[in-house]
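Student: My structure is below; once you've seen it, I'll send some questions.
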Amino acid sequence: MRLTERILSFTLLGSEWVLWLLVALSVVSVAVMVERAFFLSSGRGGKFDFETIGKELLRLLREGDALGARRALGQSRGPESQVAAAGLEQFGRGPDAISEAMASTKSRLRLDLERNLGVLGTLGNNAPFIGLFGTVLGIIKAFADLARNQGGGAAAVMSGISAALVATAVGLLVAIPAVIAFNYFQTRVRRTLGRVDAVAHLILSATAGYKATEGGAGGAPAAGGE
């Protein structure tokens, strides 16, 4: 019984503290949105001109000009350029070393691109439940107030319930933008990683083609000599 009384005393605090919690979470959500938008719009998350630079990389790598391929990347700091540069640094060590270097860089970039997105996902999933929790607390308090002051009638209860429902509305207000932002940023991350994969496969195919051509060129004269 004592435990029930303690829990009841906690619930009688009402929903106001839940509203303040939701306000704090909304500030966190907006901060994450602004930070992610800035990051993905900056040079680190910028676009890579695949049609122009990609074709130039393919041509240079087929010629075995790794230095020229690095120059073709220019001053770009985007994820695609970072992965390509990591692979080109291992150009002389063979396709396996190139592949591992690019895979390692891609994994690191994925962590950067997805940083703090879990916060938005968590808020989007759980903010409505936090608001509902506040509403339940407010309803409990409304009925407790009615029990102490029965003269207030139904009007007092309705007033308390309407105030409690504000918590649910605020919870939805926090959750909906968080879900929209989470889906938007996840889409941008997937597209960026898709371009990264395209550049990585292009470099690997060019490297494999160059090696095969080099081996074939070396083998042909030997066959003719016999």
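Student: So how much slack lies between Arg62 and Leu111, counting 0.36 nm per residue of separation and subtracting their Cα-Cα distance, in nm? Intermediate values should be presented prior to the final figure.
Tutor: On the way: separation 49, 0.36 × 49 = 17.64 nm, distance 3.18 nm.
Result for the pair: 14.5 nm of gain on full extension.
Student: OK, next. I want to check the label-to-label distance for Val34 and Ile7. Put each point 7 Å from Cα in the C-beta direction and report it in nm to one decimal.
Tutor: In this crude label model, Val34 to Ile7 measures out at 4.1 nm.
Student: Using all alpha carbons of the stretch 8-209, what is the percent of pairwise distances in each 10 Å bin, ordered from the shortest bin to the longest?
Tutor: The calculated distribution, bin by bin, is 9, 26, 19, 14, 12, 9, 7, 4, 1, 0.
Student: Between Ser104 and Ser42, what is the spin-label point distance in nm, taking each point 7 Å from the Cα along the Cα→C-beta axis?
Tutor: 2.5
Just so you know, all these numbers are worked out from the coordinates, no wet-lab data involved. Not measured: the values here are computed from a predicted model. Glycine gets a Cβ as well: all are built from the backbone with ideal geometry, and neighbour counts include every protein chain shown.
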